[in-house]
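**Student:** Got a structure here, written out as structure tokens. Questions coming.
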């Protein structure tokens, strides 16, 4: 087990009917919020009404910044920062999925920074400060509601890059599983794939294979995601499954699932970000395409041990190839694409995708060559 | 899944050679520490030297408060409070196991309170403030290094009671598994039993049996504790096992393992506290005696479902009676007593123990009758 630091100060309020508790929490931090949300699903599922009523009752005024895209873009983030400044917002409230929360984080940091917010993503500057952030999560997937990272796409440069710093931890996140009841199946699938992806990156790239406690936690969360997804697809109104899925996805990327591994990397994410940046496909869909392919190449390099362990503990299968098959089977059953063609990405684009991925790979300090990325992507044809 | 709140602000610094990192952290909170420790094992294992060198280097002066007992007592706690006040300490540093950290928490709260510290334990007053606390853990067991609770024994009243409040969260806890290498086998056993006890109380008293994610986490941590204990007993210098054990015990009572259960209670702890209060036996030893007996009575009342689930997932056994046997077998293999007589407690004392337990049962608002406590204890004869 490698040395590690762990801290996670985000306060979670979890359960039915909890959206209205965000107002009083937000009121502790300020008087005027930038209210960040996406395409308006929060107006259909009642979250918008509950949340704004709660802000009003708590004496928090707000300015709206709607229209966050599923892969949040830099241009819209910059608009949000301008709006937060013009209106002298002293806090941010985000309602939606990981994309909304990610853009809200970038706005929170950008509003307290004199330069351009992209500096944080390109590695030019570190985040030292941010407006306090409060979130109401409506899509279990990215874990952004309880971590200090965010991902934004610079469409001009076709770069989907990330930033990470302690001031980005949300102060309070409200997780009401009932708000996820109306999610379309594709978003359920993408969320499940994303949570699984967060669990496997560190597990499979660990520098230390004797980390029994974290291995057990990773298996536990993966099993919970898989079981919950199956139940949700069967019965979208299954509250217990929605709740387990929501909390599992949060825990999958709040820091716990990597403790003690040391020196891990995020190869699947690095490659997927290029698929999202170039083709604007859902992050979860891209990951479902990359992961089985990556496993096949990884198996050749790293040996079967970890895949065997994971496969036995999570899928109840024997052997590394069977584990890879089980991953694919789960992604397919959830409704996610597992090959490039299924997402309309031509095999001829592989060199271009690999070229794009090299930017993030360099930025993240990973030792992955362009030929290796191409090799992985070829397995996804 | 029941609604819940979760927050845990304690910063963890985990791994080899980390003790010296506590000084710089403590220096952020103050200039003069009360240094709380126990019988002096930290002087034998090098922790004292490393820690005080680090405090010195960071410009933190300290006053010593040594001699904390394994079941920390109120009289010594009061002395610590007086010492902290006389010396105008502005922070507390605790080095040792759960007892040391628990007493340090009580001192931290007592030093910022005008009345008597026992008020917090008797339910007369709530903790509103406490001196900032920094800990170096040397015995994995109680989880006190990452939670907001503490237990102190009032020897005059023979009451081992607890207090719980957000200001008691340690600011920073340093967990160096190498400091646990020299623990005697009995302390390894007691620690393992205590961690298991923390995992099972909520799991078995849950008001809601559809909490897949937390069930999975509980199973995962229990398996990790059991596997690590076996490895440690075989090879006390097995660092990987020491590390997994240490982090598992912390996570077993940092709030995670109860999320979503709702309305749980701590019957085994309530009864064990009387054994420790009356006979001054180790908490872990008392729990190993109470748990199998409690399971037998609980099985009759609550049915086999949860025991079957836990037994299958953690011990790989089928059926509730086999699960209870497996618990006993694990406690025995670890070297813990599983019957009253093994701890020198006469069966004739059962009414007296039950009478004592009723105080805490009432204080914790539990629905356990004296006759039921006696019934449980009789199964431990």
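**Student:** Which of the residues belonging to segment B:1-45 are more than 14 Å from chain A (Cβ to nearest Cβ), touching a residue at least 40 places away in the same chain (Cβ under 8 Å) and not in a loop (DSSP other than H, G, I, E, B)?
**Tutor:** Scanning segment B:1-45 gives B:26, B:32, B:33, B:34, B:35, B:36, B:37, B:41, B:42, B:44.
**Student:** Could you list, in sequence order, all residues of segment A:123-138 that are over 9 Å from residue A:167 (Cα atoms), touching a strand residue (DSSP E or B) at 6+ places or on another chain (Cβ under 7 Å) and in a loop (DSSP other than H, G, I, E, B)?
**Tutor:** Passing the criteria: only A:138.
**Student:** What's the number of the condition residue B:176 fails, among (1) over 28 Å from residue B:352 (Cα atoms); (2) away from every other protein chain (no Cβ under 12 Å); (3) crowded, with 24+ Cβ neighbours inside 10 Å?
**Tutor:** (2)
**Student:** Here's a follow-up. Kindly indicate whether any position in segment A:288-300 is more than 14 Å from chain B (Cβ to nearest Cβ) and assigned to a loop (DSSP other than H, G, I, E, B).
**Tutor:** Looking for residues that are more than 14 Å from chain B (Cβ to nearest Cβ) and assigned to a loop (DSSP other than H, G, I, E, B), one finds none in segment A:288-300, hence no.
**Student:** What number of residues within segment B:232-257 satisfy the criterion of being surrounded by 23 or more Cβ atoms within 10 Å (Cβ to Cβ) and either more than 30 Å from residue B:159 (Cβ to Cβ) or within 12 Å of chain A (Cβ to nearest Cβ) (or both)?
**Tutor:** Selection size over segment B:232-257: 14.
**Student:** Which one of A:286, A:344, A:319 is surrounded by 16 or more Cβ atoms within 10 Å (Cβ to Cβ) and not assigned by TED's automatic domain parsing to the domain that holds residue A:159?
**Tutor:** A:286
**Student:** What about residue B:279, is it surrounded by fewer than 24 Cβ atoms within 10 Å (Cβ to Cβ) and within 14 Å of chain A (Cβ to nearest Cβ)?
**Tutor:** It is false that residue B:279 is surrounded by fewer than 24 Cβ atoms within 10 Å (Cβ to Cβ) and within 14 Å of chain A (Cβ to nearest Cβ).
**Student:** Condition (residue is over 25 Å from residue B:165 (Cα atoms), within 24 Å of the chain's Cα centre (by Cα) and not assigned by TED's automatic domain parsing to the domain that holds residue B:282) applied to segment B:84-92: is it met by at least one residue?
**Tutor:** No, segment B:84-92 contains no residue that is over 25 Å from residue B:165 (Cα atoms), within 24 Å of the chain's Cα centre (by Cα) and not assigned by TED's automatic domain parsing to the domain that holds residue B:282.
**Student:** A further question follows. Hey, can you tell me all the residues within segment A:162-217 that are part of a loop (DSSP other than H, G, I, E, B), under 27 Å from residue A:2 (Cα atoms) and not assigned by TED's automatic domain parsing to the domain that holds residue A:312?
**Tutor:** Correct list: A:165, A:169.
**Student:** Can you spot a residue in segment B:46-66 that is in a helix (DSSP H, G or I) and within 29 Å of residue B:257 (Cα to Cα)?
**Tutor:** Checked segment B:46-66: no residue is in a helix (DSSP H, G or I) and within 29 Å of residue B:257 (Cα to Cα).
**Student:** What single numbered condition from (1) within 11 Å of another protein chain (Cβ to nearest Cβ); (2) modelled with pLDDT of 95 or more fails to hold for residue B:272?
**Tutor:** (1)
**Student:** Test residue B:81 against the criterion of being closer than 30 Å to residue B:181 by Cα and touching a helix residue (DSSP H, G or I) at 6+ places or on another chain (Cβ under 6 Å), and give yes or no.
**Tutor:** no
**Student:** Can you pull out the residues in segment B:150-165 that are in contact with a strand residue (DSSP E or B) (Cβ under 7 Å, 6 or more places away or on another chain) and surrounded by fewer than 17 Cβ atoms within 10 Å (Cβ to Cβ)?
**Tutor:** Matches in segment B:150-165: B:155, B:164.
**Student:** Here is a check on your reading of the model: is residue B:78 within 14 Å of chain A (Cβ to nearest Cβ), assigned to a helix (DSSP H, G or I) and at pLDDT 95 or above?
**Tutor:** No, not satisfied.
**Student:** Restricting attention to segment A:361-378, which residues are surrounded by fewer than 22 Cβ atoms within 10 Å (Cβ to Cβ) and either assigned to a helix (DSSP H, G or I) or not assigned by TED's automatic domain parsing to the domain that holds residue A:285 (or both)?
**Tutor:** Correct list: A:362, A:363, A:370, A:371, A:372, A:374, A:375, A:378.
**Student:** Restricting attention to segment A:251-283, report how many residues are assigned to a loop (DSSP other than H, G, I, E, B) and touching a strand residue (DSSP E or B) at 6+ places or on another chain (Cβ under 6 Å).
**Tutor:** Count: 4.
**Student:** Of (1) surrounded by fewer than 24 Cβ atoms within 10 Å (Cβ to Cβ); (2) closer than 20 Å to residue B:314 by Cβ; (3) more than 9 Å from chain A (Cβ to nearest Cβ), residue B:190 satisfies all except one. Which?
**Tutor:** Among (1) surrounded by fewer than 24 Cβ atoms within 10 Å (Cβ to Cβ); (2) closer than 20 Å to residue B:314 by Cβ; (3) more than 9 Å from chain A (Cβ to nearest Cβ), the lone unmet condition for residue B:190 is (1).
**Student:** Now for a separate question. Can you tell me which residue in segment B:215-231 is farthest from the other protein chains (Cβ to nearest Cβ), limited to those that are over 17 Å from the mean Cα position of the chain (by Cα) and within 27 Å of residue A:13 (Cβ to Cβ)?
**Tutor:** Residue satisfying both the conditions and the ranking: B:215.
**Student:** Let me ask something else about it. Could you tell me which residue of segment A:193-214 is farthest from the chain's Cα centre (by Cα), considering only residues that are surrounded by fewer than 24 Cβ atoms within 10 Å (Cβ to Cβ) and within 12 Å of chain B (Cβ to nearest Cβ)?
**Tutor:** In this case the residue turns out to be A:210.
**Student:** Given the criteria crowded, with 18+ Cβ neighbours inside 10 Å, touching a strand residue (DSSP E or B) at 6+ places or on another chain (Cβ under 7 Å), modelled with pLDDT of 95 or more and under 30 Å from residue A:244 (Cβ atoms), does residue B:101 qualify?
**Tutor:** So residue B:101 does not fit the description; no.
**Student:** So which residues in segment A:219-228 are crowded, with 24+ Cβ neighbours inside 10 Å and touching a residue at least 40 places away in the same chain (Cβ under 8 Å), if there are any at all?
**Tutor:** A:222
The values are calculated or read from the model by the stated rules, or taken from the named source; none is laboratory data. Just so it is clear, the model here is predicted, and its values are computed rather than measured. Positions of Cβ are generated from backbone atoms using ideal geometry, with glycine treated the same way; all protein chains shown enter the neighbour counts.
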